[in-house]
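Novice: This structure is in structure tokens; I'll ask about it shortly.
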Amino acid sequence: MQRPLWASTSMKDPTQPDTRYVDELMGPDTITTMPPATIAAVVHHGTLGRTVDQDAADARDVLDRLARLGIDLDEVSATLETEGINSFIQAFTARSGVLAAKAAALIGPEADSA
């Protein structure tokens, strides 16, 4: 079974509830990653219960309105996927460079002569 993975569920917009993404994406067979501050907020004042598919008719209406406005959801999804992958590649490359430099510093110059 494939299960949706909700990541980056912390709220970046201070005008929105800090549990918004968690509260609105709860459902069976889903996984949510949360930073410690979001976990604390959910424990303190989160809404527990199945919400991910609660307003399916409203969601279909939003998608229909977007299409009428000329917004291509497939194109938006592809762009977000590409940008997300590139962001992860950049972060991985940067972290790998830092780790390689630290490893070289720990091993010292004798590693070059081996």
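The values are calculated or read from the model by the stated rules, or taken from the named source; none is laboratory data. Keep in mind that what you see is a predicted model, and the values were worked out from it rather than measured. Cβ: placed from backbone, ideal geometry, glycine included. Neighbour counts: every protein chain shown.
Novice: Of the residues ASP58, ASP23, ASP13, which is closer than 26 Å to MET1 by Cβ and acidic (Asp, Glu)?
Specialist: ASP23 is the lone residue from the list that is closer than 26 Å to MET1 by Cβ and acidic (Asp, Glu).
Novice: Then there is this: Quick test of your reading of the structure: ASP23 fulfils all but one of (1) modelled with pLDDT of 95 or more; (2) within 19 Å of ALA59 (Cα to Cα). Name the failing condition by number.
Specialist: If we test ASP23 against (1) modelled with pLDDT of 95 or more; (2) within 19 Å of ALA59 (Cα to Cα), just (1) comes out false.
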